[in-house]
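Since the structure comes first, as structure tokens, the remarks are kept for the end.
The values are calculated or read from the model by the stated rules, or taken from the named source; none is laboratory data. It should be emphasised that the depicted structure is a prediction, and the values quoted were computed from it without experimental measurement. Don't worry about glycine lacking a Cβ; one is built from the backbone with ideal geometry, like all the others, and counts go over all protein chains shown. Heads up: the accessible areas ignore ligands, DNA and RNA and are worked out on the full protein's heavy atoms, side chains in. Shrake-Rupley method; radii C 1.70, N 1.55, O 1.52, S 1.80 Å.
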Amino acid sequence: MTTAAEALVAQLESYGVEYVFGTCGHTNIALLDALGPSTIEFVIARHEQTAAHAADGYARATGRPGVLLTHVGPGMMNAVTGVATAALDSIPLVVITGDIPSYYYGRHPHQEVNLHADDDQSAVYGPFCKRTWRVQRVQDLARVTERAFWTATSGRPGSVLINVPMDLFSRPARPYANDHPLPGHLGRPGLDEPTAARIADQLLQAERPLIYFGGGVRDPGARTALLHLAEHLDIPLAHSLMGKGVVPDQHPLLLGMPGFWGLETTHEHTKGADVVLAVGTRFAETDASSWESAHTWNFPPSRLIQVDIDPAEIGRNYPVETGAVADAGLALAAVNTEVRTRRRQAVTRPGLREAIARARGAVFTAAQEAGRSDAFPLRPQRILADLRDTLPADAVLVTDVGWNKNGVAQCYELPEQGRFITPGGLSTMGFGPAAAVGVQLAQPGRVVVALIGDGGMSAQLPAVPMAVEQSAPVIFVVMNNRAHGTIADLQSSAFGRSYGCEFTDADGRPYSPDFARYGESCGADGYAVTAPGDLRKALEDAIDRRRPAVLDVPMVNEPVPTPGHWNIKDIYAGRFPA
């Protein structure tokens with residue numbers, strides 16, 4: 001007899017699923033048992049949030065949907081933060097959750113979530129998932145699974161939930177016969193010719209055009225089309241946080257990131273542009289200086305052309321002169337064609353590239369100078385400099401939040417072959433350690449570094465044993481300032497003290513776990529950095545050994561420069577919008 005769990009596993013195999021990340025529980029072990037003899041490997045985690053971040057990291061590295069398996073009630077709720085992190089960053093994630101037996105619905109059996117209302121647990125995921133399904137019958141499971149994979153990957157990618165009462169997994173079912181295959185090509189909307197022509201005319205007529213792009217341009221085809229357009233028209237480029245690395249940091253037209261952590265030279269261009277083509281970006285608050293026109297974007301008088309796969313993003317935060325719902329790569333290619341039809345000869349804007357080179361050079365030079373400091377504990381710039389000088393060019397940096405995210409986005413000169421992965425929309429502390437394991441499983445031949453603070457490492461300690469169990473040679477670099485450093489700095493600057501943000505022992509002295517020894521206790525290599533030159537040696541050794549490694553790096557609590565604006569500082573000072 002074939003069970004529904006066995007049929008589901010066969011369906012997942014037909015979709016090319018390599019890994020399922022998750023935790024066990026009494027509601028999903030029938031599915032786990034069916035996974036056992038399959039070609040799919042189950043990656044067990046010690047916490048559901050860990051599993052969710054790892055599945056997310058795998059999806060970011062491959063472009064294919066990550067698959068997460070959770071248990072009823074507390075299990076699926078533990079995963080909420082990780083699933084929401086993927087959802088807000090448009091990462092395809094398919095969550096399969098075991099639920100209470102179908103015939104006990106509403107009677108409050110063990111771990112059912114319905115204290116004050118008869119509602120199913122999938123409602124918890126409703127605010128951020130593209131779609132949630134509660135499977136009612138065994139006959140519906142294959143169809144729902146096909147719809148879930150389609151929905152997670154089509155249009156604007158995101159998270160979906162398949163909620164399955166546990167008894168359905170054990171009920172008899174027809175063997176899966178490839179009767180719900182995934183389509184071979186997910187058609188994505190392009191630009192119609194009149195719209196592409198209109199955008200081309202607007203760019204050609206502009207005196208000070210600018211292209212602003214986000215993570216929606218990460219596809220190689222979209223990146224190529226973006227560069228062809230920018231280089232032909234000699235248009236400066238700015239990227240959102242999620243767009244870091246789409247265009248090489250060394251590119252002569254790249255201004256960098258605008259907003260709170262953006263640079264004044266970037267803001268001169270963003271505020272002064274007469275036409276802005278925004279592609280695959282949602283104008284997030286920190287990238288847009290809380291949408292206040294005095295600081296970053298100035299619409300109007302600047303005129304906005306916005307292209308996004310999600311119609312909800314068109315005009316969400318700024319008035320749009322031309323809006324188009326389209327795939328970024330197809331749209332850019334169409335505009336490119338129209339531009340070259342109208343102007344075959346490349347445009348040259350005298351002095352533009354030289355001015356950008358001076359500004360960008362000053363940023364990277366300043367970071368390099370600060371990175372030469374032998375002060376100990378290390379300055380954060382020294383940590384980034386040692387990473388930059390030691391890691392191979394194609395290394396992947398997976399970060400949390402704080403210096404490891406904002407500093408890298410602002411002043412780390414990422415090699416063209418490198419990759420920067422960070423939690424943008426939810427800005428989740430604890431993302432980095434677990435997501436790095438998923439990235440490493442997806443790309444076993446690359447060096448993967450989880451660049452994280454001590455707060456982020458403490459939030460996801462289960463990532464280390466998961467890496468050991470999977471023989472995933474992730475290098476966990478813990479920037480240890482014994483504090484939630486970014487928030488401590490923020491509170492100190494606004495209120496004069498950093499109460500509740502720093503880690504201390506019972507006597508008020510700075511406190512930290514010994515992360516190097518923790519790594520060793522899990523079976524990883526541990527490195528305690530005790531002198532300025534130790535970090536580079538530890539990195540070289542960890543890269544050479546290709547084993548999971550934890551590097552505990554003492555760091556001073558030094559704020560990331562914030563030349564831009566964020567309204568939260570006004571709020572702390574008692575200033576509010578009219």
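Numerical summary
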{"read-out": "In nm, spacing of pseudo-spin labels at residue 506 and residue 107 (7 Å Cα→C-beta vector)", "value": "4.9 nm"}
{"read-out": "Residue 352-residue 556 pseudo-label distance in nm [points 7 Å out on the Cα-to-Cβ vector]", "value": "4.0 nm"}
{"read-out": "Contact order relative to length of the chain, as percent, for alpha carbon pairs under 8 angstrom and 6 or more apart", "value": "13 percent"}
{"read-out": "Ratio Rg/Rh [Cα only; Rh per Kirkwood] for the chain", "value": "0.98"}
{"read-out": "Axial C-alpha extent at least 24 Å, average Kyte-Doolittle at least -0.5 - helices from the chain (DSSP)", "value": "352-370"}
{"read-out": "The chain, helix-only ellipticity at 222 nm - DSSP H runs n ≥ 4, -39,500 (n - 2.57), divided by all residues, nearest 500", "value": "-10500 deg cm²/dmol"}
{"read-out": "Net length gained if the chain between residue 569 and residue 530 were fully extended (0.36 nm per residue, minus Cα distance)", "value": "10.5 nm"}
{"read-out": "With every protein chain in place, the chain: carbon and sulfur % of accessible area (1.4 Å)", "value": "51 percent"}
{"read-out": "Protection-proxy order for peptides 476-485, 225-234, each taking the mean of Cβ atoms within 10 Å per residue, highest first", "value": "476-485, 225-234"}
{"read-out": "Formal net charge of residues neighbouring residue 275 (Cβ-Cβ distance under 11 Å; K, R +1; D, E -1)", "value": "-2"}
{"read-out": "Principal axis dimensions, region 255-392 - Cα atoms, whole angstrom, descending", "value": "54, 37, 30"}
{"read-out": "Distance between modelled label sites at residue 494 and residue 417, nm, 7 Å Cα→Cβ extension", "value": "4.3 nm"}
{"read-out": "Stretchable slack from residue 174 to residue 373, in nm (0.36 nm times residue separation minus alpha-carbon distance)", "value": "65.0 nm"}
